[in-house]
Amino acid sequence: MNLPQVLEALRTDPETAGGIVHWETISPRPAKTRPFPEFIDRRLIDALKQRGIDSLYSHQAEAIEKIQAGKNVVVVTPTASGKTLCYNLPVLNNILKDPEARALYLFPTKALSADQVDELHGVVTDIGADIKTYTFDGDTPQDARRAIRSAGHVVVTNPDMLHAGILPHHTKWIKLFENLKYIVIDEVHQYRGIFGSHLANLIRRLRRICHFYESDPQFICCSATIANPAELASKLIEAPVEKIDDNGAPAGEKHFILYNPPVINPELGLRRSAVNEAVRLASHFIKQNIQTIVFGRYRVQVEIILTYLRERFKKEFDRGIEIAGYRGGYLPNERRAIEEGVRNGKITGVVSTNALELGIDIGSLDVSIMCGYPGSISSVWQQAGRAGRKAGVSAAIMVATSSPLPQFLMSHPDYFFHRSPEEGIIDPDNLIIRSSHIKCAAFELPVWMGEKIGPEPADEILDYFEEKRIVRRSGDKYYWSSDIYPANEVSLRSASPENFVILNISDKDRVIGEVDYFATPELLHPEAIYIHGAQTFQVMKLDWEGRRAHVQEVKVDYYTDAESKTDLKMLEADEEKELTPLCDSPDEAVEVDAYPVIGHGDIALTRVVVLFKKVKFHTHENVGSGPVALPEQEMHTTAFWYRFPQDFAVTGNLTEKNIGGGLRGVANVLQKIAPLWLMCDPRDIRAISRVRDPFTGAPTLYIYDNVPGGVGFAEKLYGMAPGIFEACRDHLTGCVCTTGCPSCSGPPLELGDHGKSATLKILKLILEDFAVQA
C-alpha cells in the first residue's frame, strides 16, 4: 500500500476513525521563483546551479536584497523552505568580494551547528574558494582553536559557547571582531522566556565588544511562525528588523490529522495511552515501508516508544525495516549515522525528542507523528514539517494526551490552521539576568561611568558590585577586580545565579548535571527520583550549604512529584484597572470595591516543599509519599491579578461552600491554558487563588512568573486576559466530564462535587465584567 491508501484505510478503520477529531487537507503549493540578483558573484551562482538550484524562491530573493541594502531581517517561513540560503548566500557573496570579512552563526544546539557547517563546506568546495568555515563549541579540539580564531571566515557556534568561550576571550578573536559583517541567529522562536532574556543580554555584550573593535555587524534572523517574530527579533538585538514571511517554496499535498484517543474513564477524563496509540498508528505506515518519524516529549518516552516499535517489528528486519532512536545523550557519531540512515532510506522509522525538530538535514520523510502536544504551536508545525516533499503526498498526525492544553486544542483546531496566538516573550531587563551579564561585561572590558548596558546606565548595579569587591572604580571607569570567572556562574537556561551540582556516588562522584536554586527543592529533595539520560537516580543526600546533591543509580518503576506551600505578598502594582461599565456616570456614587480590578506588578513569594508523592510510570498511580524538610525560599517576581467585587458570590449565584472550589478551578484551568498564548513551558507560570486575600481584602486570583524577577508573562497576560478567560470557559464547556477532572478544572476531590459548575459560573462573571468594557 502507498501513503494515500494507508491514509484512506485509517479513515475507515473503526479503531481509528472515532478518534479523528479533525482532518485538514492542505493543497499543494507551486513555487514562486525569481532570478539571482545581479550583485551575486558568478562563482556562487555556478556552484548553486551544480547543486540543482537554478533560481531563488521569492522569500529568498527578498531577504537577500534587503540584506544587501543593509537591513536587519527576520525570515519567517516553514521547515524545509530554504531559509539557510537566505543567510549563506549574502555571507558567502560578501566574503568572495572581501576576503577579510567575517560572519558569526548562532544556533541553539551543537547538533544543528555541525549540520549547517557540513552544508556550508559543500557549497564552499563547489565554489573552489578559500573560505574557511569552522564549528567552535565544547567538542572543538584545543589545537584547532587557534586556527579558527585567526583564520575562520565563518564561525559557527551556540549561545553558551559565545557566552563562556568567545566573549570573555575576545582579545584572542581580534580578527573576527574587527571584520565582523554578519551575525546570523537561527531558530529565533526558540529564544523566549529565560533563555531569550539571556540571549538579549548576550547580544548586548557582543555588540559592545564589536563597538570596541569598531565593527557594526548586520543581523540575519530566521524563525518559525509565531504571532510576533519581528517584535521578538527586534527585542533580542535591540534594533529595527524587517520581516520576510511570503513563502515562495513549493509543497506537496499534506494531510494533517488531529487524533484524540478514546475516553476510557469519563468521570476522570482519562483516555487511552497516547504512547500506545502513537505506536499503533506509526506501525500502519512503517509496515508498508513508508518512512515515518515519531516525536516524543521527553527522553524516557522516546525510549519507551522505540522499545514498543522494535518489539512489533522484531521479525521484520529481514524485510529491511529498521527503527532507530534519536535524542540528546547519544554520541555524536551515533547521531550522524542515524541522520545518514534516514537520509538514504535505510532507516524506515525514527523516534526522536525535539532534537530533530530543528533544521538538521535528514531529508524529507513521508509521515510525522507527534506523541502529545510538543509545547507550542510553532513546534507542532516544525515537527509536522519533517514530513513532506516538494511534490507528492505527506501526513502529520498529532496524538493528544489527557492533559488540558492538548484537549483544548483538539476541540479548537482553528488555532492550528487559521490563527496562532503564540507570542515569544522576553524581558532583557530582568534585574537578576541583567546584573549577571553586566558582571560578565565588566570582566570583558572596563565599563565607563554612565555607560548604558541595556536601556539605562549600569552605574547603580556596578556600585553594588564594588561594595562586594567584585569590581573597583578608578577615575571614570569600573574595572574587574575579582578572581572568579563570571561566565561560569551564569547559566543561560536559568534566571538563578546559583545552581546545585548533581554527583553520582555510584560512579566516583561523577558530575551528571545541575539544577537551578529555585527548582532544587522540588527535584532534588532527599529520596527524590532524578531522571537523567533515561536512567533513574535516587537522591541520597542534599548538601544545601555546599550546593550539591548526591545521587545513586537505582531501578524503580516510579518517579517523584513534590508538593509545596506558597505564601504570596503583593509589593507594588505597575498597572491597575477597574472594570467599570462604560455607561456609568462619573458623578454617580459607587460603593468601594463594587467592580472587579485587574492589575500586574511585583510580588514576593515564600515557598517551602512539604511532601513528595511516588507516582508509578505509565499508570500514574500514587504508590506512596513522604515528608520533606528543607529551608524556605523567597523569590521576587511579577504577577497578574484579578480582584473580584465583594458581592460577586451573590451576583454569580455561588454559595459560601463552593466559592473556594470554584476559584481553585479557575486558577487550575488558567494555569493550564495560558501557556498557549505566552508560548512558555507550563512550569514557567503558576496560579493561586484566595477566597479573602489579605492585600486586596477580596477574593483574588494571581498568576505569576515562576522565574526570579519575572520575564514579562504577567504584563502580557494583563493585555490579553479576556481572550484567555474565554478560552478557559470554552475548554470547560467542551470537556466530557460532568463534575470536573484533571483535564479541565480539577477533580472533585480537590474542588468539591460542584467545583466544575462553580468554576464555570465564575468564568461567566469574569467574561461579563470584560464585556462591559468593550
Fill in: Wholly enclosed helices (runs of 4 or more DSSP H) of segment 356-464 bearing at least 1 residues within 24 Å of residue 203 (Cβ to Cβ) and either among the acidic types (Asp, Glu) or open to solvent by less than 10 Å² (accessible area, probe 1.4 Å) (or both)
377-384, 431-444
Worksheet item: Taking residue 694 and the conditions (1) assigned to a loop (DSSP other than H, G, I, E, B); (2) farther than 22 Å from residue 755 by Cβ; (3) open to solvent by less than 40 Å² (accessible area, probe 1.4 Å); (4) out of contact with any strand residue (DSSP E or B) (no Cβ under 8 Å at 6 or more places or on another chain), which numbered condition does it fall short on, given that it satisfies the others?
Response: (3)
Discussion item. Need the failing condition index for residue 683 against (1) basic (Lys, Arg); (2) more than 21 Å from residue 520 (Cα to Cα); (3) open to solvent by 60 Å² or more (accessible area, probe 1.4 Å), just the number.
Written reply: (2)
Worksheet item: Does segment 299-312 include one or more residues that are within 26 Å of residue 9 (Cα to Cα), in a strand (DSSP E or B) and modelled with pLDDT of 75 or more?
Response: no
Discussion item. If I ask for residues that are over 22 Å from residue 394 (Cβ atoms) and either within 26 Å of the chain's Cα centre (by Cα) or assigned to a loop (DSSP other than H, G, I, E, B) (or both), which ones from segment 28-52 would you list?
Written reply: 35, 36, 37, 38, 39, 40, 41, 51
Fill in: Counted residues, segment 95-107 - those being assigned to a helix (DSSP H, G or I) and either touching a Gly at 6+ places or on another chain (Cβ under 8 Å) or surrounded by fewer than 20 Cβ atoms within 10 Å (Cβ to Cβ) (or both)
2
Item to complete: Considering only residues that are in contact with a Leu (Cβ under 8 Å, 6 or more places away or on another chain) and open to solvent by 80 Å² or more (accessible area, probe 1.4 Å), look in segment 34-53 and name the one that is nearest to residue 387 (Cα to Cα).
Response: 34
Item to complete: Give me a count of the residues in segment 697-724 that are assigned to a helix (DSSP H, G or I) and either surrounded by 24 or more Cβ atoms within 10 Å (Cβ to Cβ) or in contact with a strand residue (DSSP E or B) (Cβ under 8 Å, 6 or more places away or on another chain) (or both).
Response: 6
Discussion item. Take residue 713 and tell me if it is of a type in the set (A, V, I, L, M, F, W, C) and over 23 Å from residue 401 (Cβ atoms).
Written reply: yes
Practice prompt. Mind counting the residues in segment 627-675 that are of a type in the set (Lys, Arg) and within 29 Å of the chain's Cα centre (by Cα)?
Written response: 2
Worksheet item: Can you find a residue in segment 473-484 that is open to solvent by 60 Å² or more (accessible area, probe 1.4 Å), under 13 Å from residue 204 (Cα atoms) and part of a loop (DSSP other than H, G, I, E, B)?
Response: no
Practice prompt. Identify, by number, the condition in (1) under 17 Å from residue 378 (Cα atoms); (2) touching a Pro at 6+ places or on another chain (Cβ under 6 Å) that residue 412 doesn't meet.
Written response: (2)
Practice prompt. Within segment 761-771, track down each residue that is of a type in the set (A, V, I, L, M, F, W, C) and either free of Cβ contacts under 8 Å to residues at least 60 places away in the same chain or open to solvent by 60 Å² or more (accessible area, probe 1.4 Å) (or both).
Written response: 767, 771
Discussion item. Step by step: first the residues of segment 431-471, then only those that are touching a residue at least 60 places away in the same chain (Cβ under 8 Å) and in contact with a Pro (Cβ under 8 Å, 6 or more places away or on another chain), then the one that is nearest to residue 486 (Cα to Cα). Which residue is that?
Written reply: 440
Response to the item:
Within segment 538-563, residues open to solvent by less than 50 Å² (accessible area, probe 1.4 Å) and in contact with a helix residue (DSSP H, G or I) (Cβ under 8 Å, 6 or more places away or on another chain) come out as 542, 549, 550, 551, 562
Worksheet item: Restricting to segment 656-691, what's the tally of residues that are in a loop (DSSP other than H, G, I, E, B) and in contact (Cβ under 8 Å) with a residue 40 or more places away in the chain?
Response: 4
Response to the item:
Scanning segment 343-355 for residues that are in a strand (DSSP E or B) and of a type in the set (Val, Ile, Thr), the one surrounded by the most Cβ atoms within 10 Å (Cβ to Cβ) turns out to be 351
Item to complete: Kindly indicate whether residue 92 is in contact with a Leu (Cβ under 7 Å, 6 or more places away or on another chain), surrounded by fewer than 23 Cβ atoms within 10 Å (Cβ to Cβ) and not in a loop (DSSP other than H, G, I, E, B).
Response: no
Item to complete: Would you mention how many residues in segment 725-755 are under 27 Å from residue 646 (Cβ atoms), assigned to a helix (DSSP H, G or I), in contact (Cβ under 8 Å) with a residue 60 or more places away in the chain and open to solvent by 10 Å² or more (accessible area, probe 1.4 Å)?
Response: 2
Practice prompt. Would you check if there is a residue in segment 397-420 being touching a strand residue (DSSP E or B) at 6+ places or on another chain (Cβ under 8 Å) and over 23 Å from residue 274 (Cβ atoms)?
Written response: no
Item to complete: Kindly indicate whether residue 545 is of a type in the set (Asp, Glu), part of a strand (DSSP E or B) and without any contact (Cβ under 8 Å) to a residue 24 or more places away in the chain.
Response: no
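Let's see how each residue does on (1) in a strand (DSSP E or B); (2) touching a helix residue (DSSP H, G or I) at 6+ places or on another chain (Cβ under 8 Å); (3) at pLDDT 90 or above:
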position	(1), (2), (3)
581	no, no, no
598	yes, yes, yes
620	no, no, no
623	yes, no, no
642	yes, yes, yes
Worksheet item: What residue, among those in segment 387-416 that are modelled with pLDDT under 85 and aromatic (Phe, Trp, Tyr), is farthest from residue 17 (Cα to Cα)?
Response: 415
Worksheet item: Looking at segment 108-128, which of the residues that are free of Cβ contacts under 8 Å to residues at least 40 places away in the same chain, within 16 Å of residue 47 (Cα to Cα) and among the β-branched types (Val, Ile, Thr) is least open to solvent (accessible area, probe 1.4 Å)?
Response: 124
Discussion item. Taking the criterion of being among the acidic types (Asp, Glu) and open to solvent by 20 Å² or more (accessible area, probe 1.4 Å), would at least one residue in segment 259-273 satisfy it?
Written reply: yes
Discussion item. Quick check on my filter: what residues within segment 53-70 are part of a loop (DSSP other than H, G, I, E, B) and in contact with a helix residue (DSSP H, G or I) (Cβ under 9 Å, 6 or more places away or on another chain)?
Written reply: 53, 54, 55
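The values are calculated or read from the model by the stated rules, or taken from the named source; none is laboratory data. Values in this document were obtained by computation on a predicted structure and should not be read as measured data. Cβ: placed from backbone, ideal geometry, glycine included. Neighbour counts: every protein chain shown. Note: areas computed on protein heavy atoms with side chains; ligands, DNA, RNA excluded. Shrake-Rupley method; radii C 1.70, N 1.55, O 1.52, S 1.80 Å.
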